[in-house]
Structures are given as C-alpha cells and as structure tokens.
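K.L.:
If you scroll down you'll find the structure; I have some questions about it.
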Amino acid sequence: MGSTVNNLSPRSMNWRRLPSSRLIVLFWLLGCTVFTSASQKRAADSLLVRLIKHLPEQSPNFYHSYSGITYQKIRIFSSAKPESWPTKPTENTNNLLYSIESLVQVKMLKPAYYHIENLSIKTEGTENDLFKNICNQLNTVSITDTVINVFNKRYLTPFSKTGSVRYNFNLSDSITQSGDTLYWLGFDPKPEKEFDGFRGKALADPKNFTFRKIVALSTQKKEHEPNLLITQNFEQIQGKVLPAEIKISAFLNKEYIEDQNIKNKDIPDYICVETVSNIYQQQIDPILKPADFTTSVQPNDSAVLDYLKKRQLKMIRMFAEGKVSLGSVDLNYSRLFGYNLYEGVKLGLEAESNLELSNYFSIGGYFSYGFKDQSIRHGEWVNIYPSGSLKFRIHLGYKDRNVEYGEPEFLENQSLLNPESYRTLLIKNMYSTKRFTTGIEYSSSDELNFFLFTDQSENGARNNSPFLLAHPFSPITLARTGLQISYSPVRKIHPEDGQPQEPTKPSPEFYLTMIQGLAAFDNQYQYSKIEFKGKFDLPFSKIGTTTILLRGGLMTNDAPLIEYFNGYGSFAGNFSLSAPYSFATMQLNEYASTRFAAVHLRHNFSKWMFPENFKTRPSVIFAQNIGVGVLDEKYKDLFNFKDYRKGFYESGIEINNLLRVGYISWGAGIYYRYGPYRFNSIHDNFAYKFGFLITI
C-alpha cells in the first residue's frame, strides 16, 4: 500500500483499485490546491491595488518639502557574450571603459523651488556620446515608475494601473523584519500579452501598504534587445518609506546600439553597465523657505536637471490636456471654464472613470452653460475595452453641443500644446446638434489609429447673429457612417492613460476622414464627404525650419449647408488672437465650398538668426497661406454663399517669444490679404495678431 501511495502519477495509478476513501482524499487535496491558488491570486491582486494607491507616498515629490544627498556610481565595461543573464563582467583595468562618481545634494520646496548642487564628481576613462547617453538614460530609472523609458524602449512596470491586466501576481513566503510581517509579491507578464515588461518579486508591507524591496528583470521580445536588472531598496524615514538604494545592471550589444543611430567609433561587441545610487540624510518636510534656494545649478548637474524636467513636463502635459486624476475618476478641468465668441463664457464640468475603477470599461459625462448663448449642453458616454487594452475601444455616446458650420472632424485631441486649437476661441457662428454615436476605435500601433462610427443627429439653429439670419435652415436630421484615420510616424502612446506623449522632435501628422450619409432615420441627405490634413517639416532648409500644413476636401453637392467646408478663416476683428495654420485675414464663414485645397507654410528663422544659448531668443516667423474653394453656382444662390475659386492669398510676419514666463511665451504678428479677394481699402486687408504659446 505504501508503494501505491508514493507513486500517484496519472499514468501509474490504477484508479479502480484505489479505495473510495482515498479517492475522496485525492479530490479534496486537488480542490484545496485550486482554492488556495485562487485565494492567493485574489489576495495578491487586492494587496497590489492598495500598494499602487499608496505608491505616490513613497516618492520625495509627494511631500511639501524634501532634502537628501545622493551618491551615485556608474561604470561601463566591455564584456564577452554572457552564457546567461544576469551576469557580472570581470572587473579589471582592461575592460573598464568609463566610470563616473558623483555626490549631489537636492532640496525641494513646493511649488517650484529646487536646489541642486554637485558636492563632488570624479570620472575615469574618456567620455563620449555613447557613454554620456547611457549614463543620462539610467540616471533617473526607478522601478516604481509606471513606465520606464530607456534605450528607446518603453517598459510597462507591474506597478501601473494596467498591471493587473498585463501581469500575473502571486503571494509567496512571509518574513519578519523589524517586528513587521512582510510578504513577497511575485509578478510575471502574462504569456498572451505582447509588451516589454519585467518579471521578479517585491517585498511588501501589508500593514502600511508600502514596498520595502523590489527585484525586477526585464523581458525581451528579441535576442539583441537590452537586458535590465533592477534592485530597489527602501527605508523608513520619519514614519514614511522612501527609496534608499537603487542598483541597475544593463547589458547592451553592438547590434542594438547601432540600431539607435548612436555615432561612436570602436563600439564594443557587448557592453555591461553597473549603477549604484545610495540616498543619505533624507528629510521629509524639513523647514525650508524660498531664501534657501539661491544657489544656482552647476553646469554638470544635467542628469539631475533632466530628472526634474521630466517630472515638470508630465505635469505640464496634464495641464495642457485639461485632465487631473482624482482616484478612480479623471476630471477634465478645461470644462470648468471655457470661451468662444458665440457662446461667450462657459462654465461646466466633465468627468470620466479611469483604469483604477476598471480596465474593461469607462463611463463619463459633462454639462456646460454658455452665458451669451444662454443654453445648457450635456453629454454621456460609455467606452468598453473587451481585451482590457486601450488599443481596442467600443464607444456608445450622446452629446448635445454647439458646433461650428463646416467644422473639421479629425481623429485628433485638442490641447493647449497645439496652438491650432486656439481658433476654437474665435468661432462666431454655430448650430445646435444632438448626436447619438456608436463606434469602434482600434490602434494597430502607436503611430496608426482607426475609428469606424455611425451617428444620428438632430440639428437646428437660432437666428441670433447676422450670419445665422442670412443663412436660416429648417431642422435637419442626419444619419451618417464614417471612418477616421490618424497617422504620426514618431507618436508614442502613454500606456497608462492612452494619450500621446509629447515628441522630442517635430512630429509629422496625417489625418483622413470619410463620411457617407445614410438613408435612415428620415435622413434626406445621402451625400459623400472626404477631408484630409497633413503637417510636416521640410528637412533641407539651412536658414531655419519650414513647416507645411496641407488641407483638402471633396463632397457631393447634395450635402446640407451645415456640412459645407468653411474656408478655415480666423479673422474676428482687426486685432484678435493668433491661430496658426488658418487664414488670418479671412472672416469667419466668409466663404463656403464643396471642393477645396489649402497650403499653410510657416518658416521659423530663429535658429538661423540667433545662437542656441541666446537667453531670450525671439522666434521670427514668415507665414504664407494660399487656398482655393469651389461651390456650384446654383448652391451659391440657394444658400446665399460665395466661394474663393480664384484663389485666396495672404502673407504675414510673426515675432513670438517676445516675453516669456516659464513655459508660456507671448508674441505678435501682422498679416496682409491680397489677390482677387482683397478689399478696396488697404486698411481692411490687414489683420493684427497677438497670441501665446505653451512650449515644453
């Protein structure tokens, strides 16, 4: 019997010979194993949610003030191909290529005071672009970040809001440390998920929901990609837990380095990098005042400045997009206060659930009130993510809002970082639409995005402006289907919020929208419409930077007048806000067309006229705008419209960055209208512009 019990393999068992009591025991053990595994997974997921919620408290940036001293040593070795990873190189004077040791003091006082001082620095070897690039990229890596950007790769860590979807977690042995019971939380990317991540374990305190130690090894899709091993230790300070030590081992091969276009002679076949950062004398909320931040930053503090700049840019991006996260809800505070010339001052609120509530759906809504229009607008929607990924979305929504006549419909986000969006402040003529929309959005990559939709809307207008009195229309019912496509070769998406991160170089952008009217819901307009926009820089100019934006569109003549292309003018008065890549001297809805093409050229002379280190380098811009639009004669008479088939021409000069405060710069410009559609009075052909730009 003993022999039978000790050989309970599925193939060797003779189930018929086993007593029924033994079968019961076997099934009971199997059930206990499955139940225990499921319980551990639930416990691990529950603990992870609380750890991520409290993770910001483990960063010095969370507190009102902070001070600390960081010792860092980075060593770069040439290495033979390792038989396994992680591995350590043989440390001797022959294979050490470069090393740098630094001792840096950091002080911080919110909202904007930083003191960074190199107490000492020591280098060995010859610094070159390759070694400098490696040191700068590894300098600010922390495994507690939601996304790690290093070596032109983006690693999604397990401590992000989407971690539970992309990683498997489990709880293992507990240990006792300083009287506290701590648990090892294991993590490993799910096999079916395709992404760059980490596998490893974290020592967690379930009492205070803090991490004490994290060990993470990167996962690779291809053999020649970099390997990272990160060990991060934490210590208790003033009742809180902060990072105390970070060790990073990185392994790179020559093939990958050359793929990154890093120009360097004599690149070794394999490079191993070892970094150690120890943080001493940390203080949370020390007594600091602005007068303590008078010491200027030294030139060789660039690595630390890069770290602080990344944090600041993230905050600025959130501000420009108008979103702030409040737990499981994202608040769009740009909806709190708005303005345009038709609705006047608008007050409202918009909120949407985020990934902290669920990875598989989000619900949102908004309302607003325009004081000039004296109307309340609102909308509600549901987004469903069947795979738990932001790349595939099913959208159901209703929006009641005011829309500009001939408003472009591209798959792009409005942001204060994009000055094109300033034109929305100048809109004078709008109609009301109550629109139900269903759609499917799919991102095949960060660069390419598709949105297939159908919608049904009721549209009407109030005769409360000269243009609306001259172009009245009865309520229009529309049923449409369409496809929107956006493509940007250098765009990268934040895995956390699904928003594009700001590129470090000018980004080509291309948008295409195709719409077809449907014979449904009493729709009397079965028209077709296609519109395109493309923006790119010319690469060959030696006297500055030339940016070109192309627009074009085509639709059938039986479209309703609210859909006709409007010319994209932004003249709201002789003195008005500047809106780049629009016609500065063309009045709002001055023209309409069913076929149009336009070229907007802007050449920036500043890099050619002024050196990079010029303290307040103005931005001198020459702008040239040309457009042509055609509308059949019978529709011109029917809708009381006119087109610009002979060609609309204007030129202008802008001088931006005349005054700069932080990330906001101010400027002014002048434009002149000429050609077949110039006015008789020379004065009427001028448009004087003022504006601002948010630059990061």
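K.L.:
Have a look at 664, 467, 433 and report the one farthest towards the positive end of the charge dipole of region 390-694, computed about the Cα centre with Cβ charges (Lys/Arg +1, Asp/Glu -1).
P.N.:
664
K.L.:
How do 222, 254 rank when sorted from fewest to most other Cβ atoms within 10 Å of their own Cβ?
P.N.:
The most exposed by this proxy come first: 222, 254.
K.L.:
State the percent of C-alpha pairs, over all pairs in region 511-649, separated by a distance greater than 17 angstrom.
P.N.:
67
K.L.:
Of all alpha-carbon pairs in region 134-177, indicate the percentage at a distance above 17 angstrom. Before the final figure, lay out the partial values.
P.N.:
Working: 454 of 946 pairs.
Tail of the P(r) past 17 Å holds 48 percent of the pairs.
K.L.:
Can you compute the modelled spin-label distance between residue 548 and residue 281, with each label point 7 Å from Cα toward Cβ, in nm?
P.N.:
5.9
K.L.:
Estimate the FRET efficiency between residue 413 and residue 181 by the formula 1/(1 + (r/R0)^6), using the beta-carbon distance for r and 56 Å for R0, to the nearest 0.05. Don't skip to the end; give the middle numbers.
P.N.:
On the way: r = 46 Å, r/R0 = 0.83.
Calculated value: 0.75.
K.L.:
Chymotrypsin sites (Phe, Trp or Tyr not before Pro) within region 637-691: which are DSSP loop residues with at most 16 other Cβ atoms inside 10 Å? Can you show the working numbers first?
P.N.:
Working: sites: 639, 641, 644, 648, 649, 663, 666, 671, 672, 674, 677, 679, 686, 688, 690; in loops: 641, 663, 677, 679.
Passing sites in region 637-691 are 663, 679.
K.L.:
Another question, then. Would you work out which of 411, 396, 370 lies farthest towards the positive end of the dipole of region 363-416, given +1 charges on the beta-carbon of Lys and Arg and -1 on that of Asp and Glu, about the Cα centre?
P.N.:
396
K.L.:
Report, largest value first, the span of the C-alpha coordinates of region 575-679 along each principal axis, in whole Å.
P.N.:
59, 23, 23
K.L.:
What are the semi-axes of the equivalent ellipsoid of region 141-237, taken as the square roots of 5 times the eigenvalues of the Cα gyration tensor, listed largest first and rounded to whole Å?
P.N.:
On the way: eigenvalues 128, 41, 25 Å².
With the √(5λ) rule applied to region 141-237, the semi-axes are 25, 14, 11 Å.
K.L.:
Can I ask one more? Return the long-range amide H neighbours of residue 411 (sequence gap of 5 or more, or a different chain), with a cut-off of under 5 Å between placed amide H atoms.
P.N.:
Residues meeting the amide H criterion: 485, 512.
K.L.:
Here is a follow-up. Over 29 Å between C-alpha atoms is what I'm after, so list which of 73/107; 110/323; 428/607; 122/247; 222/535 land there.
P.N.:
Values: 73/107 20 Å; 110/323 21 Å; 428/607 37 Å; 122/247 19 Å; 222/535 34 Å.
Where the Cα-Cα span goes over 29 Å, the pairs concerned are 428/607; 222/535.
K.L.:
Same structure again: Work out the FRET efficiency for residue 238 and residue 477 from their Cβ-Cβ distance, taking R0 = 51 Å, and round it to the nearest 0.05.
P.N.:
Using R0 = 51 Å, I get an efficiency of 0.20.
K.L.:
Further question: All other residues with a Cβ under 14 Å from the Cβ of residue 284 taken together, and with Lys, Arg as +1 and Asp, Glu as -1, what is their net charge? Present the calculation step by step, with values, prior to reporting the outcome.
P.N.:
Numbers: positive: 107, 110, 240; negative: 57, 235, 285.
Counting the neighbours of residue 284, the net charge comes to 0.
K.L.:
PRE reach from residue 520 (point 7 Å along Cα→Cβ): which of region 426-464 fall under 15 Å by backbone N?
P.N.:
436-440, 452-458
K.L.:
Another question about this same structure. Relative to the compact-globule scaling 2.2 N^0.38 Å, provide the ratio for the alpha-carbon radius of gyration of region 614-662. Don't skip to the end; give the middle numbers.
P.N.:
Values: Rg = 19.3 Å, N = 49, 2.2 N^0.38 = 9.7 Å.
Against the compact-globule rule of thumb, the ratio is 2.00.
K.L.:
While we're looking at this one, here's another question. In Å, what Kirkwood hydrodynamic radius results for region 390-694 from the alpha-carbon pair distances? The partial results should precede the final answer.
P.N.:
Working: mean 1/r = 0.0480 Å⁻¹.
Result for region 390-694, one decimal place: 20.9 Å.
K.L.:
Report the local net charge at residue 685: Lys and Arg +1, Asp and Glu -1, summed over other residues whose C-beta lies under 11 Å from its C-beta.
P.N.:
Details: positive: 673, 678; negative: 650, 684.
Computed value for this residue: 0.
K.L.:
Separate question: If the chain between residue 190 and residue 208 were fully stretched, how many nm would it gain, using 0.36 nm times the residue separation less the Cα-Cα distance? Let's see the in-between values first.
P.N.:
Working: separation 18, 0.36 × 18 = 6.48 nm, distance 2.79 nm.
Length gained between residue 190 and residue 208: 3.7 nm.
K.L.:
Related question: Tell me, how many Å apart are the Cα centres for region 560-587 and for region 428-449?
P.N.:
Each part reduced to its Cα centre gives a spacing of 22 Å.
K.L.:
Explain nothing, just the number: dipole magnitude of region 390-694 about its Cα centre with +1 on each Lys and Arg Cβ and -1 on each Asp and Glu Cβ, in debye rounded to the nearest 20. Don't skip to the answer; put the middle values down first.
P.N.:
Numbers: 32 positive and 29 negative charges, 155 e Å.
Once rounded to the nearest 20, the dipole reads 740 debye.
K.L.:
Quick one: if you stick a label point 7 Å off each Cα along the C-beta vector at residue 556 and residue 117, how many nm between them?
P.N.:
7.5
K.L.:
Lys and Arg at +1, Asp and Glu at -1: add these up for the other residues within a Cβ distance under 11 Å of residue 534 and post the number. Working shown, then result.
P.N.:
Working: positive: 533, 535, 551; negative: 509.
So the surrounding residues net to +2.
Here, each number is a calculation from the coordinates, and none is a lab measurement. Here the structure is a predicted model, which means the values were calculated and not measured. Please note: Cβ atoms are built from the backbone with ideal geometry, for glycine as well, and neighbour counts cover all protein chains shown.
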